[in-house]
Structures are given as structure tokens and as C-alpha cells.
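The values are calculated or read from the model by the stated rules, or taken from the named source; none is laboratory data. Bear in mind the structure is a predicted one, so any value in this text is a computation, not a measurement. Every residue, glycine among them, receives a Cβ derived from its backbone with ideal geometry; neighbour counts consider all protein chains shown.
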Amino acid sequence: MATKQHSIGTGFDARSTADDVLAGVDLSGRTVLVTGGYSGLGLETTRALTRAGAHVIVPARRPAAAEEALRGISGAEVRELDLADLESVRSFSGRFLETGRTLDVIINGAGVMACPETRVGPGWEAHFAINHLGHFALVNLLRPALTPGRARVVSVASSGHFLSGIRWDDIQFRDGYDRWLAYAQAKTANALFAVHLDRLGAGSGVQAFSLHPGSILTPLQRHIPRDEQLAQGWITPDGEPAAGFKTPAQGAATAVWAATSPLLDGHGGAYCQDCDIAEPATTDDMLIGGVKPWAVDPEEASRLWALSSELTGLDAFSQRTCG
């Protein structure tokens, strides 16, 4: 049965920070993998987790830049990985499995937003390939390392999913490209991935969640010109974040909470927001948020999983071999 999208009254809210969520939590001995963990929200996530005692592995397409960003953060290590390249994902995963280490949490936080039309791999649209398929492959390949009985996989989605479900008739945008719809589809895919992964992982204790971190200005918006951000109401004329936007520390809070909170036990597959389970969206206002039905639909999630398995040749959780 799908998790019901209703608040569970956590005591946290939109103002809570990652450190607030982890106050009194001891993550010593836990290993967490955070894609995108050296920039923006991911960097705040890495900082908070290491302060709580976790060892954080940060895969990076640009390892030198990651090392520089993480300088002075004890407990973080950088390893090379390009989510746009399945061979890189396989290589990273193989090297990690060879170490014999286990993973308690995977946080899928890396991604691109509203970028110019870009094709990767066999011609896949970049948002779908990087934000979704790369993480799909990574989690499937790392399944043997997931700590039995307690592992969590957390996918950072977005209220951007409001703009589009999965475009089954043209997922790869062969018939005209729209950067916002491409981003939106990928964010819906992030949420649907959590829904079906949780279903498949239930027997081995793997729980999966997705989340909207809130509206935050980070390097993720690098492809969006300042005048467009101003027109969208994201920034004020003097360049400051608009009302309703979170700080990076607040933006990282929901991912950290979803990765660690015992309150989520029994609520696998849920889409979260403001350190709680999100309510169903009743408006199209992304600042208010919530979750649209197409992002948590079990049938859509199953269909997307099957397609992702076909495209990547991976399906470790369904225990079947793909061509």
C-alpha cells in the first residue's frame, strides 16, 4: 500500500536547519554517500552529517573542486564519478564494492536545472539522464553495500515536479525541447523512483524517500540569467533572495531528516517537505508546495522503474537480469 501523504507532526518546520534536525543525534560509525555533496545544499548536508559523526563519501565529476570545497571538513572523502556516464557509475560502484564497506544512507542530491538542450550517453536528454538514470544506476549497482535492515535512499526532488509528469510519448524530448519541462519531468522521476524502490526494498529493510528541499538560491541556478530570476520573483532588485526562500542550511534540513529520522519508519516511499511528510498539493503555487498525484502514483512508479531498467540494463532490486 502506498504511503499516505499527510503530516506526522515532527516538531520541525521550514525554518529548521540541518543542525537543528541532527541535534543530539550520534551518527558515529555510519557511512553516508551524498552525490552533489560539495556544492550548494549538498555541501551543507555533508557539513551537518560529518558534525554529527557520520563518514560522508562525496562522488564528484570534478574531484579537485570537491576537495577544495570540502577542505577542513573532517570525515568527508571524495571519489570520482560522472552521473552522465554509465561507465563512470559502474567504475565508481565497482571500486567501492571492492573495499567491502557498507552504506547506511545514499542521498541522491546532484543534478542539473533548466540547462540548454544537452544529450549524453546514447542520446538521452541530460536532465533525465543525470538527475534520474544516473542515480537509478548508482543505487542498483551499490545494492550489495546497503546495510541490511536499516539502509535509506533519499532522493532530492523539487516542487518543480508540478510542471510535468513523465512524458511517456516523448521522454527524451525528441520533438522539441523545453528546459523547464525537462527539469520538471526529472524531478517527478526522482519522486517516483523512491516510491518503487521502497516497494522493492521492503523485504531487505531498504527504505526510500524523496523530498522538496524548499526554494533556495544555490549554484543549481547557474543556467538561469539574473533578469529571469528577477522576473520569476526569486530575487529582489538588489539581488537578495525573495521572501519565502530558505538559507542553504534550512534547505539541507529535510534531506538530513529523511536520512535519519526514526519518525519515518513505516512511511517508506513518502515525499517530504519542511522536515515532515508533505501534504497533497491543493494549489499550483510551488512556494506552498505539497506533492502532485503523478509524483507518488505507484503505477507510474512501476512503469518508470521498468523503463529505467531497460535503458540502463540494471535491476538489482527486482532480482532479474536485464539485457
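Test each condition in (1) in a loop (DSSP other than H, G, I, E, B); (2) in contact with a Gly (Cβ under 7 Å, 6 or more places away or on another chain); (3) more than 21 Å from C115 (Cα to Cα) for A208 and report the one that comes out false.
Of (1) in a loop (DSSP other than H, G, I, E, B); (2) in contact with a Gly (Cβ under 7 Å, 6 or more places away or on another chain); (3) more than 21 Å from C115 (Cα to Cα), only one is false for A208: (1).
Test I73 against the criterion of being β-branched (V, I, T) and either on the phi > 0 side of the Ramachandran plot or out of contact with any strand residue (DSSP E or B) (no Cβ under 6 Å at 6 or more places or on another chain) (or both), and give yes or no.
Considered against the rule, which asks whether it is β-branched (V, I, T) and either on the phi > 0 side of the Ramachandran plot or out of contact with any strand residue (DSSP E or B) (no Cβ under 6 Å at 6 or more places or on another chain) (or both), I73 comes out as yes.
On the given criteria, is S93 hydroxyl-bearing (S, T, Y), over 21 Å from S210 (Cα atoms) and surrounded by fewer than 18 Cβ atoms within 10 Å (Cβ to Cβ)?
In short, no.
Please count how many residues of the range 265-288 are out of contact with any Asp or Glu (no Cβ under 8 Å at 6 or more places or on another chain) and in a loop (DSSP other than H, G, I, E, B).
Number satisfying all stated conditions: 14.
Would you check if there is a residue in the range 42-55 being touching a Lys or Arg at 6+ places or on another chain (Cβ under 6 Å), under 19 Å from A259 (Cβ atoms), crowded, with 21+ Cβ neighbours inside 10 Å and not polar (S, T, N, Q)?
Checked against the condition, which is being touching a Lys or Arg at 6+ places or on another chain (Cβ under 6 Å), under 19 Å from A259 (Cβ atoms), crowded, with 21+ Cβ neighbours inside 10 Å and not polar (S, T, N, Q), the range 42-55 yields at least one hit.
Name the residues in the range 161-175 that are under 13 Å from H127 (Cα atoms) and in a helix (DSSP H, G or I), would you?
H161
Just give me the residues in the range 245-286 being in contact (Cβ under 8 Å) with a residue 24 or more places away in the chain, farther than 21 Å from A301 by Cβ and among the hydroxyl-bearing types (S, T, Y), in sequence order.
T247, T260, S261
Out of (1) of a type in the set (A, V, I, L, M, F, W, C); (2) more than 22 Å from A194 (Cβ to Cβ); (3) modelled with pLDDT under 95, what's the single condition that is false for A14?
(2)
Please tell me if V89 is under 24 Å from V296 (Cα atoms) and touching a residue at least 12 places away in the same chain (Cβ under 8 Å).
For V89, the condition - under 24 Å from V296 (Cα atoms) and touching a residue at least 12 places away in the same chain (Cβ under 8 Å) - is not met.
Per-residue answers, yes or no, for (1) within 23 Å of E310 (Cα to Cα); (2) in contact with a helix residue (DSSP H, G or I) (Cβ under 8 Å, 6 or more places away or on another chain); (3) buried (at least 21 other Cβ atoms within 10 Å of the Cβ); (4) free of Cβ contacts under 8 Å to residues at least 12 places away in the same chain:
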residue	(1), (2), (3), (4)
I106	yes, yes, yes, no
G111	yes, yes, yes, no
C115	no, yes, no, no
F128	yes, yes, yes, no
N131	yes, yes, yes, no
R167	yes, yes, no, no
W180	no, yes, no, no
